[in-house]
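Step one of this worksheet: look at the structure below.
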Amino acid sequence: MNTAISEDRIFTLNSDDHFNRLALDMYAFQKTHCAVYRDFIRLLGRPEPKEYTEIPFLPISFFKEQDIITEGFLPELTFLSSGTTGMQRSRHLVARAALYERSFMETYRQQIGQPEDQVILALLPSYLEQGQSSLVYMVDQLIKESKSEHSGFLLNSIDDVAIRYEQALLQGKKTILFGVSYALLDLAEKGINLSKAVIIETGGMKGRRKEMTKEELHAALKKALKVETVLSEYGMTELLSQAYCDQKLNFHSPSWMKILVRDINDPLGWAKPGKTGGINVIDLANMYSCSFIATQDLGKSDNDSFQILGRFDQSDIRGCNMLVE
């Protein structure tokens with residue numbers, strides 16, 4: 001299928017005006033070529049948007065019930081959300097694997113570093129066990145890009161982390177450790193010194209441990225692993241883009257991803273700056289599904305960053321870095 005939007009436009013945005021124009025073009029494209037989004041817009045009955053803040057956001061729950069993909073495409077990848085046994089899992093039909101790979105690779109290089117200079121390790125047992133995880137796919141590609149024999153997934157071999165970390169030090173490479181929260185706490189109980197590593201936590205406790213706030217989790221990991229840098233990744237099955245937080249727990253999005261905070265009591269209105277509300281995401285890399293998604297996450301934002309504060313009470317417990325008190 002020949003599209004009217006070049007994929008290169010997504011990754012060459014350099015101003016708010018360019019973002020606004022592409023978002024409106026993406027809205028028009030998806031309204032025409034994505035049946036689920038088109039029907040949603042028609043039923044909503046709102047005026048045509050003149051800027052991106054007026055674009056309708058599709059509730060994320062639609063990904064559990066509908067196949068959301070551009071007409072004329074078949075999925076190259078199908079990702080399923082994590083969840084507890086018996087829970088209906090969201091699915092994301094990814095029309096172009098290369099678009100996902102470009103999105104996460106460019107963001108990682110911008111915010112974390114060059115994988116070729118790193119040893120990348122992963123403690124993601126629950127994601128591996130459930131299968132079809134977008135996070136596992138991303139980390140696997142980063143591991144391959146690192147071209148290091150010491151990089152890899154460590155499903156049931158937590159003790160190998162220390163060995164591979166020491167090997168990375170000998171080679172003068174930075175160790176990046178992705179881990180689901182409970183697995184990182186399991187590692188912390190080993191008392192390993194990872195002082196020169198970067199920890200990237202992603203995902204909650206999966207019912208394996210008591211939930212903690214992000215501040216508590218990061219503090220515990222820093223103390224036990226003697227590590228200075230603990231970051232966090234914000235991503236989800238329904239998105240093709242991610243954001244990473246800094247040491248102050250402020251998340252930063254790539255130029256093609258924008259976070260807006262809706263009013264808790266008015267889903268069509270916006271929360272005042274600095275006020276807590278529901279997270280809406282514009283992910284322009286979601287070109288062939290839906291770029292405009294109303295999530296079930298709670299947070300707040302300013303012009304340059306955002307914070308994640310939890311989830312709405314009725315949301316399913318999922319592993320998208322939601323640490324709820």
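Observations, loosely collected:
- Vicinal HN-Hα couplings computed from phi for segment 158-173 (Karplus, 6.51 cos²θ - 1.76 cosθ + 1.60; Hz; Gly/Pro x): 4, 4, 5, 4, 4, 5, 5, 4, 5, 5, 5, 4, 5, 8, x, 10
- Candidates VAL139, SER157, ALA23 compared by Cα position along the dipole of the chain: farthest toward the positive end lies SER157, with charges placed on Cβ.
- Calculated P(r) of segment 7-57 - Cα pairs past 12 Å, %: 65
- Cα pair distances exceeding 28 angstrom across segment 168-316, given as percent: 26
- Unit charges at the beta carbon, dipole of segment 99-239: most positive-side option, LEU187, ALA220, LEU124: ALA220
- Answer label for Rg and Dmax of the Cα atoms in Å (calculated), chosen among (1) 20.0, 68; (2) 19.5, 62; (3) 24.7, 71: (2)
- Debye, to nearest 20: dipole size of segment 76-212, +1 on Lys, Arg Cβ, -1 on Asp, Glu Cβ: 280
- Basic side chains Lys and Arg get +1 at the Cβ, acidic Asp and Glu get -1 at the Cβ, and with that the dipole of the chain about its Cα centre reaches some 360 debye.
- Check: segment 151-192 dipole with +1 on Lys, Arg Cβ and -1 on Asp, Glu Cβ, in debye: 220
- Expected-Rg normalisation [2.2 N^0.38 Å, Cα atoms] applied to segment 99-239: 0.97
- In whole angstrom, segment 92-176 maps to an equivalent ellipsoid with semi-axes of 23, 17, 8, each derived as √(5λ) from the alpha carbon gyration tensor and ordered largest first.
- Inter-centroid distance (Cα atoms) of segment 246-285 relative to segment 138-190, Å: 31
- Relative contact order (%) - the chain, alpha-carbon pairs under 8 angstrom, separation at least six: 18
- Computed over segment 210-292, the Cα gyration tensor eigenvalues convert (square root of 5λ each) into semi-axes of 28, 17, 11 Å, ordered from largest to smallest.
- Over segment 73-131, equivalent-ellipsoid semi-axes from the Cα gyration tensor in Å: 25, 19, 9
Laboratory data are not the source of any read-out in this text; all were calculated from the coordinates shown. Computed from a predicted model, the values in this text were never measured in an experiment. Heads up, the Cβs are rebuilt from the backbone with ideal geometry, glycines too, and the neighbour counts pull from every protein chain shown.
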